[in-house]
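Student: My structure is below; once you've seen it, I'll send some questions.
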Amino acid sequence: MDLGLKGKIVVVSGSAGKEGSIGETIINRLADEGAIPVLVDRNNRGFGYAEAFQKKGIDSLFVQTDVTNPDEMQNAVNKIVEKYGRIDVVINNVGVNDGAGLDATYEEFMDSLKLNVVSYFLLVKFALPYLKESKGNILNIGSKVALTGQGGTSGYAAAKGGVLGLTREWAVDLIQFGIRSNAIIIAECYTPAYEDWIKTVPDGEAVLKKINKSIPFESRMTTTEEIADTALFIISERSSHTTGQFVFVDGGYVHLDRALISDVN
């Protein structure tokens with residue numbers, strides 16, 4: 001299916017994670033569709049990703065940015081518009097489950113909010129004039145933690161709850177400009193960060209097996225490719241009448257009856 005994304009300027013925050021991360025998978029899917037992936041991240045890994053695209057003849061830009069810093073975020077948007085003259089889509093993909101729980105300091109809690117939700121506000125705020133011109137759209141990457149809780153991660157849970165609130169608020173605010181705003185909600189996705197965490201857990205393989213069994217559909221984690229493919233559909237004109245929605249890409253983790261979980265294997 002041609003998603004009609006060719007030549008679209010798609011800004012993706014949190015897109016310089018390790019190979020196989022959600023952001024990195026999204027930018028590669030965008031490139032496959034002929035879109036122009038614009039990377040905004042604090043990690044200098046993004047320079048290598050953008051260079052790799054360019055060597056393949058794919059236009060791309062990386063703007064190294066502290067996404068919690070308003071001046072740097074404004075500067076990032078300025079650089080993007082200076083090069084391309086427009087922004088068609090914003091995908092907010094920043095997310096670090098940092099464990100800032102009730103025992104965290106005020107500063108640690110606020111830092112979690114700044115990274116996991118304030119960065120979303122900043123990117124949309126500064127990109128908004130250009131989204132109005134293009135009648136573009138916004139996609140926020142959310143987490144089931146906003147709905148189910150997790151324990152020990154007050155900052156991340158509050159931030160991801162805020163992301164869902166902003167998704168709906170922006171859908172209302174921006175409907176007059178023809179701008180759509182949606183969110184993808186992820187439960188368990190096997191990213192490089194997840195793998196790193198499993199390695200720190202005693203008997204990690206047993207823990208991983210238990211987590212997989214908790215997912216109703218096929219007893220497996222969601223892949224980053226499944227998330228990226230859904231993201232591309234939502235931002236495309238193939239999803240042109242979808243706004244204010246939370247799209248769950250989670251194998252039924254949040255909504256389906258636990259009785260569906262099999263003890264087999």
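The values are calculated or read from the model by the stated rules, or taken from the named source; none is laboratory data. What you see is a predicted model; the values in this text were computed from it and never measured. Reconstructed Cβ throughout: ideal geometry from the backbone, glycine too, with neighbour counts over all protein chains shown. Only protein heavy atoms, including side chains, enter the accessible area calculation; ligands, DNA and RNA are left aside. Shrake-Rupley method; radii C 1.70, N 1.55, O 1.52, S 1.80 Å.
Student: Can you name the residue in segment 176-212 that is free of Cβ contacts under 8 Å to residues at least 40 places away in the same chain and basic (Lys, Arg) and, of all such residues, is surrounded by the most Cβ atoms within 10 Å (Cβ to Cβ)?
Tutor: My answer is Lys209.
Student: Against the condition touching a Gly at 6+ places or on another chain (Cβ under 8 Å) and either open to solvent by 50 Å² or more (accessible area, probe 1.4 Å) or within 21 Å of Thr25 (Cβ to Cβ) (or both), how does Thr222 come out, does it pass?
Tutor: When the stated conditions are applied, Thr222 passes them.
Student: Can you tell which of Ala206, Ala171, Ala158 is touching a helix residue (DSSP H, G or I) at 6+ places or on another chain (Cβ under 8 Å) and among the small types (Gly, Ala, Ser)?
Tutor: Ala158
Student: Right, here's the next one. State all residues of segment 101-110 that are part of a helix (DSSP H, G or I) and aliphatic (A, V, I, L, M); if no residue qualifies, say none.
Tutor: Answer for segment 101-110, where residues must be part of a helix (DSSP H, G or I) and aliphatic (A, V, I, L, M): just Met110.
Student: Okay, moving on. If the Cβ limit is 6 Å and pairs must be 6+ apart or interchain, which residue in segment 95-121 that is over 18 Å from Thr65 (Cβ atoms) pairs with which residue that is open to solvent by 60 Å² or more (accessible area, probe 1.4 Å)?
Tutor: Listed by first residue and then by second, the contacts come to Ala100/Glu108; Ala100/Phe109; Ser112/Asp98.
Student: Evaluate the following for Leu128: is it out of contact with any His (no Cβ under 7 Å at 6 or more places or on another chain), crowded, with 16+ Cβ neighbours inside 10 Å and assigned to a helix (DSSP H, G or I)?
Tutor: Yes, satisfied.
Student: Name the residue, out of Glu19, Glu72, Glu51, that is surrounded by fewer than 16 Cβ atoms within 10 Å (Cβ to Cβ) and without any contact (Cβ under 8 Å) to a residue 24 or more places away in the chain.
Tutor: Answer to the check: Glu51.
Student: Could you tell me which of the residues Val10, Val67 is among the aliphatic types (A, V, I, L, M) and assigned to a strand (DSSP E or B)?
Tutor: That would be Val10, the only listed residue that is among the aliphatic types (A, V, I, L, M) and assigned to a strand (DSSP E or B).
Student: Could you say whether any residue in segment 128-149 is closer than 22 Å to Ile186 by Cα, free of Cβ contacts under 8 Å to residues at least 12 places away in the same chain and not acidic (Asp, Glu)?
Tutor: yes
Student: Scan segment 208-240 for residues that are in contact with a Phe, Trp or Tyr (Cβ under 8 Å, 6 or more places away or on another chain), of a type in the set (Ser, Thr, Tyr) and farther than 26 Å from Val89 by Cβ and report the count.
Tutor: Of the residues in segment 208-240, 1 are in contact with a Phe, Trp or Tyr (Cβ under 8 Å, 6 or more places away or on another chain), of a type in the set (Ser, Thr, Tyr) and farther than 26 Å from Val89 by Cβ.
Student: From the list Leu122, Leu164, Leu113, Leu139, which one is touching a helix residue (DSSP H, G or I) at 6+ places or on another chain (Cβ under 8 Å), in a helix (DSSP H, G or I) and under 20 Å from Val247 (Cβ atoms)?
Tutor: Checking each option against the conditions leaves just Leu164.
Student: Which residue is least open to solvent (accessible area, probe 1.4 Å), if the candidates are limited to segment 226-254 and must be more than 20 Å from Lys8 (Cα to Cα) and out of contact with any strand residue (DSSP E or B) (no Cβ under 7 Å at 6 or more places or on another chain)?
Tutor: Once the filter is applied, the top-ranked residue is Gly252.
Student: Further, regarding this structure: Mind checking which residues of segment 150-175 are farther than 17 Å from Thr68 by Cα, of a type in the set (Gly, Ala, Ser) and in contact (Cβ under 8 Å) with a residue 24 or more places away in the chain?
Tutor: Gly151, Gly152, Ser154, Ala171 - these are the residues of segment 150-175 that are farther than 17 Å from Thr68 by Cα, of a type in the set (Gly, Ala, Ser) and in contact (Cβ under 8 Å) with a residue 24 or more places away in the chain.
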